[in-house]
Amino acid sequence: MGKDNIKGSVCLVTGGSRGIGAAIVKAVAAEGVKVAVNYFSSENKALELVSSLQAQGMSALAVRADVRNSADVEAMFASVEAEFGNIDMLVNNAGVSMRELVTDTSDEQWQQVMDTNLKGAFLCCRRALPHMIRQRYGRIVNMASIWGITGASFESVYAASKGGLIALSKSLASELAPSGITVNAIAPGPIETDLLIAELDDDERASLAEDIPAGRLGTAAEVASACRYFLSDDAAYINGQVLTIDGGWKP
Ligand code: NAP
C-alpha cells in the first residue's frame, strides 16, 4: 500500500518553527505536501516560515501547541484538519535537551524532558493513527538522537527519553505495518542548531567537530533530507528503522 506521489498529502511537523523541524518543513513543502508547522514559543519564526512558503506558492499553516498537553494536541489536530483535511504524515520532532548529573536532576526536569520528547510523540501518534489506519496509509518519523542508542554521560535523562522514543517507533512499526503505516526514527549526531549552541560553546563545538570523521557538525538540511526520504513512497517497505546521521562519528 502506498501513494505514487506524496504531492497533496498533509504533513504535521512538531517543533517546526526552527532548527531541524524548520528544515523538514521546507523539504516537505517543496514536494508539494501541505505542511502544518507546529510551534510552542517561537510564534514569529513559525509565521515567517509559513509566509515565505506561501509566497512561493506552497501550502503551509502555523499552529501553536504544547506537545506535552493532550488538550493542546487535540486542538492542533482539529485546526489542521479544518484547514487541510486529515493528516497523512506526522514528524515528531519537537524536543528539548538537558545536560545535568542525575544526582542534580529535579522531578520537574525529568518530567519536562520526558513529556516533551516522549509523551509528546505518543500523544501525537495516538491522535493521528485512527485516520491513518482507516485509510490504510500513513507515515510517521520520530526524531530521536544518537544518545538514545549509545547513552551519554551528563545526559542520562535526555538519552532515556530518546531511547524510549526509539522503542516506541519500533513497537508502532510492528503494530501498524499491517495497516500500511511506516514508523521510522532518525538518530542525529551533533547538528548545528540552537539546541547544540545552547549546550556547547564555540570552542567545544569546534573540538567536537574534530572528533567526527567527517570533520564537521551536521546540518539541519541533511537531517531533513533523510526525513523526506522516509516520508516518500520510495521508503514504503522501510519500517521500524533507526537511521543515524552523524558523519561517521562513534561516540
Ligand atoms: P531546537 O533548534 O532547539 O528546536 C526545538 C524545537 O522544538 C523548536 O521548534 C521548539 O518550538 C520545539 N519545542 C520544544 N518544546 C516544545 C513543546 N513543548 N511543544 C511544541 N514544540 C516544542 O532543536 P533542534 O536541534 O532543531 O532539535 C530538533 C529535534 O532533533 C529535537 O527532538 C532534538 O532532541 C533532536 N536532535 C537534535 C540534535 C542536535 O544536535 N541539534 C541531535 C540529535 C537529536 P518553539 O521554539 O516554538 O518553542
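Here the Karplus relation 6.51 cos²θ - 1.76 cosθ + 1.60, evaluated at θ = phi - 60°, turns the backbone of the stretch 220-234 into coupling constants of 4, 5, 5, 5, 4, 5, 5, 5, 4, 5, 4, 7, 7, 6, 4 Hz, with x for every Gly and Pro. In a simple Cβ point-charge model (Lys, Arg +1; Asp, Glu -1; nothing else charged), the stretch 37-134 has a dipole of about 300 debye relative to its Cα centre. Within straight-line reach of K250, meaning a Cα separation under 13 Å, sit the following aspartates and glutamates at least 8 residues removed in sequence or on another chain: E210, D211.
Between Q109 and S70, the FRET efficiency estimated from the beta carbon spacing at R0 = 35 angstrom works out to 0.95. Loop-resident trypsin sites (Lys or Arg not before Pro) (DSSP state other than H, G, I, E or B) in the stretch 6-95 with no more than 14 further Cβ atoms inside 10 Å of their Cβ: K7. For the chain, the longest principal axis of the alpha carbon atoms and the long axis of helix 120-135 meet at an angle near 30°.
Ranking A62, M114, A221 by how far each Cα lies toward the positive end of the dipole of the chain (charges on Cβ) leaves A62 at the top. Rolling a 1.4 Å probe across the protein heavy atoms gives the chain an accessible surface of 45 Å² per residue. Relative to the longest principal axis of the Cα atoms of the chain, the long axis of helix 43-55 makes an angle of roughly 50 degrees.
The accessible surface of the stretch 4-115, taken with every protein chain in place and a 1.4 Å probe, is 44 percent carbon and sulfur. Amide H contacts of A185 (H built 1.01 Å from N, in plane; Pro and chain starts excluded): N142, Q241, V242, L243 sit under 5 Å, all sequence-distant by 5 or more or on other chains. Label sites at A214 and T150, each approximated as a point 7 angstrom past Cα along Cα to Cβ, lie 1.4 nm apart. Note on the stretch 128-180 and the stretch 181-224: Cα centroid distance 20 Å, given to the nearest whole angstrom. Kindly provide the trypsin sites (Lys or Arg not before Pro) of the stretch 177-251 that DSSP labels as loop, not H, G, I, E or B, and whose Cβ sees at most 12 other Cβ atoms within 10 Å. Of the trypsin sites (Lys or Arg not before Pro), not one in the loops of the stretch 177-251 has a Cβ with at most 12 other Cβ atoms within 10 Å.
The angle between the Cα long axis of helix 156-176 and the longest principal axis of the Cα atoms of the chain comes to about 30 degrees, rounded to the nearest 10.
The values are calculated or read from the model by the stated rules, or taken from the named source; none is laboratory data. This structure is a prediction, so every number in the text was calculated from the model and none was measured. FYI the Cβ positions are ideal-geometry reconstructions off the backbone, even for glycines, and counts take in every protein chain you see. What goes into the accessible areas is simple: the full protein's heavy atoms, side chains included, and nothing from ligands, DNA or RNA. Shrake-Rupley method; radii C 1.70, N 1.55, O 1.52, S 1.80 Å.
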